[in-house]
Structures are given as structure tokens and as C-alpha cells.
Amino acid sequence: MPRPSSSQARSQAQRLPAPFDASKLSDFSKMAYPHERDACGIGFIADIHGRKTHDNVARALVALGNLSHRGAVSADGRTGDGAGVLTQIPHKLFRQVLDQHGVTLEQDSDLAVGVFFIAKALDLEEVQQQVEVVVKEAGLEPLLWRNVPTDPSVLGEDAQARCPHIYHLLLRRPADPNDDTDLRDNDAFERRLYLVRKRIEARVEAAKERLFYIPSLSHRTISYKGLMVGEQMGQFYCDLLDPNFETAIALFHQRYSTNTFPRWSLAQPFRFLAHNGEINTIQGNVNFMRAREPMLTSKLWGDDVRELLPIVETFASDSSALDNSFELLMLSGRDPLHTIMMLVPDAYEENDDVDPDLRAFYEYHSALMEPWDGPAAMVFSDGRYAVAALDRNGLRPQRYWISQDGIVLLGSEAGMVPFEETEIIEKGRLGPGMMLAVDTETKQLLHDHDIKQRYATRKPYRAWVDAHMVRAGEADVTFDHTPADDTAADDATPDLWSAERLLQVQKMFGYHKEDYSQILEPMVTGGKIPVGSMGDDTPLAILSEQPQQLYRYFKQRFAQVTNPAIDPLRERLVMSLETVIGPRASILDEEPDAAKVIKFSSPILDGRQFAWLKDQNHLNVCRLQTRFDVTAGEDGLEPALDALCDEAV
């Protein structure tokens, strides 16, 4: 396919911005600041009126080039950590491709496009045949494989060496509605494509070996990405400079890899999301998602839900794990706005000004999903919405401009794309926990308050929470309960302990004089945070021959050192130790019973709280014995632990 040198003006019924000269993209990129380095650069261009133009692609490429200083470059000076764009399906471009092969479509929405990265070491024809088998089994019609026009010469040596075959597979929805009536619904069609991708990933052996990857498979959006810097995108992917490539939405991302090695598959955007920052809770988030898999049910998916596993792809980065989870929730009945409010909630716990309905929304969803905590600035799109959001801390920038022509430019920096000041009718930035969205279907710009007001009353969350959730520690809950075990009375009331008994307990739990003089005493006498030397060279507790306190067996993990330390006192507004316990409902359905949980203000319970907990009818409580016969010595501990684990299961 010929590679055009510039975008061209197109006559339209509505007034459009002046077209961009795409041949000057390299000139625009010089406006960046090459000596600055920061976290990833993200953003989107969206037309509020839903008008599909090539100008939106050109502007996205300009912005991406001007964010090149936010990405890292390999030793060869040209291989970037990754860059990409996510747009609506450019139907005008693909109709031209189909016309060349004598294929006609009844309507644009019947077309789906899959993007495939296939390692050059593989048998290309064999892999494509395997993919087609799965596609046909799902009732879809593969139309043709398209070798995506690229120019590898613009890449660095490392990127070229690892560059895969890049192919598009064009698919068609079943032409006869009698074949599969359900697929005439666009949401059902998109779900089928998600299921097909999961089946392909499970059956094609190369996918398990990380030699095969599907950046996108959708009838709404398409992803172009790779191991490059932003200013190389339009030069490498010839499609992006074709005047027939038209879209109303264009997400863009320039990657600065901090905690995963750069790979073609880990370049962003992913299938919905582009993310700047880190997910510091990633290990817990991924483990929770895995723990849900054996019990995952869905009225919408039925038995097919088992084929969607694993939810999080193997060897995923923190950003792609969030994208995987976002994808599952969104394609199971929620829209993008609802989904991100569920995954990355606002800091509502300590904010008395939060609307009661919105608070109930967050509390209900806290029983379904633990928060994915940042720092995180995010943009995402399903082809209808273009959305930006900040996590509760707001430690990453999100700025936006809105033109009088209805163009919304949002990203990590102001001035990513040149606009005349007279064209701008609104400027702003997102604060912690805030959102901004463009709905190209209803032609609306949605600000934070509008979005949250809409979803707070989507279902009767407040009634569900009030009826079912028990908040331990509230006025109607008391802990005046005598321990039900055989613990001595003086053990249950520490204020009555004698000095001799206190010393005995301190020794038993491994406290040292240093703990009192350096940690406890400053806290008790002066209300100070203990200050010590930088670093910690204390050996791991598991390797010590001395008795250790329980908490010494745990270490806090951070994604990278650029994240500022959290101050639990001065930043109390954005922190929460609330802990939910009880049987969890499926995350894919919204039912009132999902709120039948008990919420504690802290994961640490004292003896009276624990005794109260055992009396609650919400849970089937079983008490496990954690003692063993000391006369058996060391030989008695291991079988006792095994027996305890078996009993717990």
C-alpha cells in the first residue's frame, strides 16, 4: 500500500479543524525537551461530536512525538521502551482493502479486525491455519490475512531484531442472522471476539511460549504499537499516515519501562488501557484475581466463563494485568466508566463530603473488588467512550484542552499539540480520583461530577449496603464479650498485667530493648514517627536463629523508588485499612447479596473483636486448634502444621 506524505482536507457537513500536515511530524517532535525524563506519557484525542477524521490520527501522532522525552531509549539510541495508539476501526481504510480482494460488507459494524504479532521463528502458515480453525468453530468468517504495511528501517537495531511478523486478520459477523441470532447484537459480537481470542491463546502453543501475541481483536477498536519511540510510530506503521485512516478517538502512549523488560507485547496501549505510573498493589491484585477463578460464575457467559481463564495473562506487567481485569469486567456487562470506578475507586472513606449514594456505590463494590492502587494516570476507550482518570493519590499529571470545534486533547502535558489560543474554550486538569469522559455516541462531554452522579444511582446500592453490610465498630456493635476460649482473665486485659507478666509476654513475642527505646518510646512520649538510618540490613526473619516478631516475616514491596513515601498521618484522607471479610460474590454479576459481608476499619483484631466476630450469623465460623504437643519436640511441629492446613481446607 502506498505511504502518503500528508493528511488531506476532507469536506464534511460540520466544521472541522484545519488538517495537520503529517509529513512534518518530525518537526513537531523537536518541540519536546530531550534532556527531561519522567514517567510514561499518555493521552487521547477525541471528537465530542463523534466525527471520524484523519486529523485526529495526525494530532495523536504529533502529541506522541512531543512525548518522546517521557520514554526511555536503548543503547542503540533508536529502540524505545514502547509506544502505541488505540483507535476506532478505520472502516474506510479496510473497505478499500476488502474491495481489492472482491469482498463487500453489508455494514461497517460487521467487520472485526485482529492484530497479530507472530515471531519470525514460527511457521507463519501453520499458525494462521490454527487461528482460522478456532475462528470458524466460533461461527465467525475469516475474510483475509493482511500483511500490515511497515517500514522497519526507522527502528533501532534491537527493535528490528525482535520485530515479529505483524498481520491483520479481517473477520466478518455471520451474514445470515439465522446462523447465530445472538451475534446481531454488537455487545454479543464483541464478547464472542473476546472468547475467540482466549481460545486462540489457549490452543496455539506458540502463545504459551511468548512467541505469539494478539494486541487486539475487536469490531470496535484496533491497536498499533511496538518497541519504538513515539516519533517513529507514523513512520513505521504506514496505515497511520493514510488519509483513509479515520477515527473519532485516538489514545496514545509513550512507555518508560520501570519494572518489566521492554517487549513488543508490553508496549501500550493495550486492548483498552494506557497507563502512566505503577500499580503498587499488583501482587495482591493478581493473586486475588487468580483466587476468584475456580468460583467465577456469570449469568451472561454461562459455561463459557471457564474459557476466559486465566484472567491475567502470564508474564503480564502491572499495567497489562489491570487491562486484562478491566477487559473481563467491561465485557461482562459493565461500561468503561463503571468498570474503572470499581477497579480504581476514589478516596471516599475519610471524606465526609462524599454523597451518600456515591459512598454506597464504592462500599458495595469494595465487597466485590479490592482497589488497584497507583500512582496511576489512565486513559482508556472501548470505541465509544474516551475516558481519563486519576487514582486517589493523584501523583501523575492529567491536563486537558477543549476546542470550540469539539476536539478534546488530554494528556500528561499541556501543549502536546499546537492550538491557537482563540480556539480553546476550556482548560483544566484532573485532581485525585477525578475523571473526564467523551461519549461519541451521545455527543457529550462528561465531567467528574456528572459521571459519579450517574453511576451512584445506577442500582439501589445504598439500600443493598444498608440492608446487608455489617460495619464492625459502629454504634450498634459492641465488643463487651467475654472471650470464649480458655485464656486467663489477666491475659485478656493487658492493663491488669503485672510487670513480671508483661516482661514474660514481651520476651515471648521477641521484643528487644531497642524496640522500646528507638520505636515505642518516641511514639508514646512525643507522638513522633520513629526515625532511623537509611536502609535495612537486618537478615530475613526466616533465616534468623533468634525468635522474631511476626511482622518481621513480612516485607513491603514497591514498584519503583520514584514513588514518594506515604505519610499515614498527613495523608490520611487517601489511606484506608478497611478490611472486608465474608463469602465473596462473583465479580461478574451485580446482586444485592454481594453486600453480605462484614467490614472492619483495620485488619488487626483484638480478642474482644474476634470473639464478637465468631457470633455473627453472616459466616459459618469454625475454630481451628493451633497447638501441638511440646513433649514431641521439633518432630511434633511439622505434622501438627500439616494437620492444621488439612483441617482448614
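The values are calculated or read from the model by the stated rules, or taken from the named source; none is laboratory data. This structure is a prediction, so every number in the text was calculated from the model and none was measured. Neighbour counts run over all protein chains shown; Cβ positions are idealised from the backbone, glycine included. The area values use the complete protein model at the heavy-atom level, side chains included, leaving out ligands, DNA and RNA. Shrake-Rupley method; radii C 1.70, N 1.55, O 1.52, S 1.80 Å.
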Just to confirm a number: summing +1 for Lys and Arg and -1 for Asp and Glu over residues other than Ala161 whose beta-carbon lies under 15 angstrom from that of Ala161, what do you get? +1
Cut-off 10 Å between beta-carbons: net charge of the residues surrounding Leu588, Lys and Arg +1, Asp and Glu -1: +1
Hey, what angle do you get for helix 54-65 against the long axis of the chain, alpha-carbon based, 0 to 90 degrees rounded to 10? 50 degrees
Sequence of His101, His253 from largest to smallest accessible area, 1.4 Å probe: His101, His253
Probe 1.4 Å, all chains present, heavy atoms only: Cys645 accessible area in Å², nearest 10, is 80 Å²
Label corresponding to semi-axes √(5λ) of the Cα gyration tensor in Å when calculated from the structure given, among (1) 58, 24, 21; (2) 49, 28, 26; (3) 54, 35, 22: (2)
Arrange the residues Ser298, Ser576, Ser153 by how much accessible surface each exposes, largest first, with a 1.4 angstrom probe. Ser153, Ser576, Ser298
Please list, or write none, the lysines whose alpha carbon is within less than 17 Å of the alpha carbon of Lys92, excluding same-chain residues fewer than 8 places away. Lys52
Using a Förster radius of 41 Å, what is the FRET efficiency between Thr626 and Leu573 based on their Cβ-Cβ separation? Nearest 0.05, please. 0.60
Ordering 217-224, 71-78 by per-residue average of other C-beta atoms within 10 angstrom, highest first, gives 217-224, 71-78
Would you mind computing, in nm to one decimal, how far apart the modelled labels at Ser153 and Lys507 are, each placed 7 Å from Cα along Cα→Cβ? 8.1 nm
Give Lys120/Lys225; Lys120/Lys198; Lys427/Lys459; Lys299/Lys459 a once-over and call out the pairs whose C-alpha atoms are over 26 Å from each other. Lys427/Lys459
222 nm mean residue ellipticity, helices alone, for the chain (DSSP H n ≥ 4; -39,500 (n - 2.57); rounded to 500): -7500 deg cm²/dmol
Where does each of 349-357, 182-190 land if you order them by average Cβ count within 10 Å, highest first? 182-190, 349-357
Hey, which aspartates and glutamates would be in cross-link range of Lys208, C-alpha to C-alpha under 12 Å, not counting anything within fewer than 8 residues on its own chain? Glu313
Filtered hits (lysines, Cα-Cα < 24 Å from Lys555, offset >= 8 within chain) -> Lys507, Lys513, Lys528
Go through segment 77-91 residue by residue and turn each phi into a ³J(HN,Hα) via Karplus (6.51, -1.76, 1.60, θ = phi - 60°); whole Hz please, and just put x for glycine and proline. x, 9, 7, x, 6, x, 8, x, 9, 10, 9, 5, 4, x, 4
What percent of all Cα-Cα pairs in segment 64-150 falls in each 5 Å bin, counting up from 0? 2, 9, 17, 16, 17, 15, 10, 9, 5, 1
Could you derive backbone 3J(HN,Hα) for segment 188-203 from the dihedral phi with the Karplus parameters 6.51, -1.76 and 1.60 (θ = phi - 60°), listing whole Hz in sequence and x where the residue is Gly or Pro? 5, 5, 5, 5, 5, 5, 4, 5, 4, 4, 5, 5, 4, 4, 7, 9
Excluding Glu209 itself, what net charge comes from residues whose Cβ is under 15 Å from its Cβ, given Lys and Arg +1 and Asp and Glu -1? +1
